[in-house]
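Participant: Attaching a single structure in structure tokens format; questions to follow.
All of the numbers you see were taken from the coordinates with simple rules; none came from a lab. Worth saying up front: this structure is predicted, and the values here are computed from it rather than measured. For neighbour counting, all protein chains shown are included, and Cβ atoms are generated from backbone atoms with ideal geometry for every residue, glycine included.
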Amino acid sequence: MDAVSQFFHAIPFDLILIQTINGIVTGMILALIASGLTLIFGIMDVVNFAHGELFMLGAYVGVVIVATTGSFWLGLIASALIMAIFGAALQIITLRPLVGRDPLNTILATFGASLVLQNYALWQFGPVSRKIPEPISSRFTLFYLQYPWYRIVIALLSAAIIGGFWLFLKYSKFGIWIRATAQDRVMAQAMGIPVPLVYTGVFALGSAMAAASGVLFAPTTGVDHSMGLDWVLKAFIVVVVGGMGNLGGSILAAIFISLLEAYAAIWLDPSQAVIVSFVVLILTLLFRPTGLFVATPK
Amino acid sequence: MTATPLDKPMPLSKVGLSHTAIFWIGFCVVMVILIAAPLVLPEFWRRFLTEVLIWGLLAMSSDLLIGYTGMVSFGHSAFFGLGMYGASGALIAFSPNLWLAILFGLTGAACTALFVAYFSTRLRDIYFAITTLIFSQIFYVIIFTWTRVTGGENGLIFNRPHLWIPFIYDARFTSTTMHWFVLVVVAGSYLILRRITQSPFGMVLQSIRENEPRTRAIGYPVAQYKMVSVMLSGLFAGLAGVLYAVQNEFAAPNFVFFLTSGETVIYNVMGGIGTLVGPIVGAGFFQLMRELLSRFLGDQFPYLIPLGIVFIAMIIFLPQGLLGFARRWLNR
């Protein structure tokens, strides 16, 4: 009996609760990034290596706009719009000429784009990380912590954006075009859907979502030129674990992996906690290569 | 049985030399130039050329996967890095013996390659690329955080071993002998890899590239061929890592980082995949551009911006790479 009670005392329940909240918050940001990535993959067969850089550039655009206008919410919306235009341009320049070639070419092209963008950010903004002040500075007490409300707002906003995006896919005309193209590209084209426009639109949409998550994330730890790679790697893991091209799966996987990493960070160094998500990926590949959150293929 | 066109000796030029003769003459000419180069070049460019050869070996190893098996690996930095750390560890912990370093480096790379190959070859195309990338990041995180053994961010520093050939030769490396040593290893690796790609085994790899389901249908154990291919590739990448460690007398975690893998892929695409020599040319082209750009635009200018743009343009307009036009000829 003594051993049992000692065991329960050894579990830091307060830490676990805090890390649960942290994990969900990070998970929602990750879900926002990963849903753009999985959308682009599902529709265009393009693994967008530059997605992390779109996230990072979106955050930088947000930093600049917030610094000049002082309004965080304006920064969020403007950054999403600017990055949508930028994403469309990127798609037209680098990916449109590659339509119909081996999908591996598109990995290489987006990889080249990510190198250019990352180094551009380093050159333009320097190696020092920038920060946006939190738009909502009030906090609530969570055990011994003063937990910022803003983080809760991040999670809710991300959920709202993903929900809005889902409704858009489900009910809007363009959304129906997107889903039709995802199902059967040739048939969609035969039905008169402008498939090249859908491609560009999807890329722009994914970029806007990445930019929005970048701006939302910026106040928590700051923005630097190398943050894109960390996030795109996590998003890749999420997309593989959730099942490629599966929106619901990647959202679940994002929260799942972020929670695991958050719990692991209780006992491990945060940089080593990443290994947990790698392990999840390896196990997924071993036992469910099609993804954890999809129906078993027959 | 009638003779197929491939069996006939094909006179390529009007002189009437066979393809094989032209190939070997070309090989010897290039070798003579590369052997003579360090005697003529100043110290900086001598080291530069040696490094290009090492990067070329790394790129060539990854060409076995990209160009011949049709799997794009974004994780070659793991093999390269483990070769590097294996060699450094052996040199620090045991004796400063060149061959021991090579042995340990290759063992390190082979273990990594076995691990990566076992998991990643279950997947194809894009999934393979992502998985190898993530695996290389696992090794990066381990090396970066396991400070007690790997030195963490600072890496490992050691003294360069002697160039020691039992009973024959024992002296310190100079930059010239270093270059020759690297050249011998790289040229040897090229010949071995060329032999591999032309062997029946290599033919199976190429048929996996062309049509995997059909290769499986013929009855080849595709998964095993892929694993062996990843392991061979990892082994040669590890060899490149050992050479790099010996040349620069250190092992650092940045070389295990994803950027090294990315640059390896860039060398391949720039030089021409599926040619084996193309990646070396690509590495030379990339490094030369980088050097010239930083000379003209200053050290602070991020050379990867113009190089990245060149890279994207080459994917769109010149997907065969610089040596792509000679691909068929080089592989005959």
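Participant: Among the numbered conditions (1) basic (K, R); (2) in contact (Cβ under 8 Å) with a residue 24 or more places away in the chain; (3) more than 10 Å from chain A (Cβ to nearest Cβ), tell me where B:R148 comes up short.
Facilitator: Here B:R148 clears every test but (2).
Participant: Hey, another quick one. Might you let me know whether segment A:51-63 holds any residue that is without any contact (Cβ under 8 Å) to a residue 24 or more places away in the chain and part of a helix (DSSP H, G or I)?
Facilitator: Among the residues of segment A:51-63, not one is without any contact (Cβ under 8 Å) to a residue 24 or more places away in the chain and part of a helix (DSSP H, G or I), which makes the answer no.
Participant: Checking the conditions here, which among B:S77, B:S88 is within 14 Å of chain A (Cβ to nearest Cβ), hydroxyl-bearing (S, T, Y) and closer than 24 Å to B:V246 by Cβ?
Facilitator: When all the criteria are applied, what remains is B:S77.
Participant: Need a quick list: helices (runs of 4 or more DSSP H) entirely within segment B:195-290 having at least 3 residues that are surrounded by fewer than 24 Cβ atoms within 10 Å (Cβ to Cβ) and more than 18 Å from the chain's Cα centre (by Cα).
Facilitator: B:200-210, B:212-218, B:222-248
Participant: Same structure again: Looking at segment B:31-51, can you tell me whether even one residue there is crowded, with 16+ Cβ neighbours inside 10 Å, within 13 Å of B:V277 (Cα to Cα) and not aliphatic (A, V, I, L, M)?
Facilitator: Looking through segment B:31-51, none of the residues is crowded, with 16+ Cβ neighbours inside 10 Å, within 13 Å of B:V277 (Cα to Cα) and not aliphatic (A, V, I, L, M).
Participant: So in segment B:289-329, with the set limited to residues that are within 22 Å of B:L49 (Cβ to Cβ) and either of a type in the set (D, E) or in contact (Cβ under 8 Å) with a residue 60 or more places away in the chain (or both), which one is farthest from the other protein chains (Cβ to nearest Cβ)?
Facilitator: Looking at the filtered set, the residue picked out is B:E291.
Participant: Out of segment A:212-226, which residues are surrounded by 23 or more Cβ atoms within 10 Å (Cβ to Cβ) and within 22 Å of A:F111 (Cα to Cα)?
Facilitator: Matches in segment A:212-226: A:A212, A:S213, A:G214, A:V223, A:H225.
Participant: Among (1) surrounded by fewer than 23 Cβ atoms within 10 Å (Cβ to Cβ); (2) among the hydrophobic types (A, V, I, L, M, F, W, C); (3) in a loop (DSSP other than H, G, I, E, B), where does A:I85 come up short?
Facilitator: If we test A:I85 against (1) surrounded by fewer than 23 Cβ atoms within 10 Å (Cβ to Cβ); (2) among the hydrophobic types (A, V, I, L, M, F, W, C); (3) in a loop (DSSP other than H, G, I, E, B), just (3) comes out false.
Participant: Here's a follow-up. The conditions are (1) closer than 29 Å to A:F41 by Cβ; (2) touching a residue at least 60 places away in the same chain (Cβ under 8 Å); (3) within 13 Å of another protein chain (Cβ to nearest Cβ), and B:I143 fails exactly one of them. Which is it?
Facilitator: The single condition B:I143 does not satisfy is (1).
Participant: Something else now. Only residues that are part of a helix (DSSP H, G or I) and either of a type outside the set (A, V, I, L, M, F, W, C) or crowded, with 24+ Cβ neighbours inside 10 Å (or both): list them for segment A:253-270, please.
Facilitator: Across segment A:253-270, the qualifying residues are A:A253, A:A254, A:I257, A:S258, A:E261, A:A262, A:Y263, A:P270.
Participant: Looking at segment B:91-130, which of its residues are free of Cβ contacts under 8 Å to residues at least 24 places away in the same chain, facing chain A (nearest Cβ under 10 Å) and within 20 Å of the chain's Cα centre (by Cα)?
Facilitator: Scanning segment B:91-130 gives a single hit, B:F115.
Participant: Those residues that are under 20 Å from A:T221 (Cα atoms) and hydroxyl-bearing (S, T, Y), I need them from segment A:69-93; list them, please.
Facilitator: Correct list: A:S71, A:S79.
Participant: Listed residues A:A113, A:A80, A:A109; which is within 14 Å of chain B (Cβ to nearest Cβ), under 18 Å from A:A211 (Cβ atoms), hydrophobic (A, V, I, L, M, F, W, C) and buried (at least 23 other Cβ atoms within 10 Å of the Cβ)?
Facilitator: The match here is A:A113.
Participant: Quick check on my filter: what residues within segment A:134-155 are in contact (Cβ under 8 Å) with a residue 40 or more places away in the chain and either surrounded by 12 or more Cβ atoms within 10 Å (Cβ to Cβ) or among the small types (G, A, S) (or both)?
Facilitator: Scanning segment A:134-155 gives A:E134, A:P135, A:L142, A:L145, A:Y147, A:Y150, A:R151, A:I152, A:I154, A:A155.
Participant: Follow-up question, since we're still on this one. Got a sec? Which of A:P196, A:P219, A:P270 is more than 19 Å from the chain's Cα centre (by Cα) and under 20 Å from A:M28 (Cα atoms)?
Facilitator: Step by step, each of A:P196, A:P219, A:P270 is checked, and only A:P270 is more than 19 Å from the chain's Cα centre (by Cα) and under 20 Å from A:M28 (Cα atoms).
Participant: Go through B:L307, B:L318, B:L330 for me and flag whichever is surrounded by fewer than 23 Cβ atoms within 10 Å (Cβ to Cβ), in contact with a Ser or Thr (Cβ under 6 Å, 6 or more places away or on another chain) and either of a type outside the set (A, V, I, L, M) or over 27 Å from B:I92 (Cα atoms) (or both).
Facilitator: Being surrounded by fewer than 23 Cβ atoms within 10 Å (Cβ to Cβ), in contact with a Ser or Thr (Cβ under 6 Å, 6 or more places away or on another chain) and either of a type outside the set (A, V, I, L, M) or over 27 Å from B:I92 (Cα atoms) (or both) holds for just one of B:L307, B:L318, B:L330, which is B:L330.
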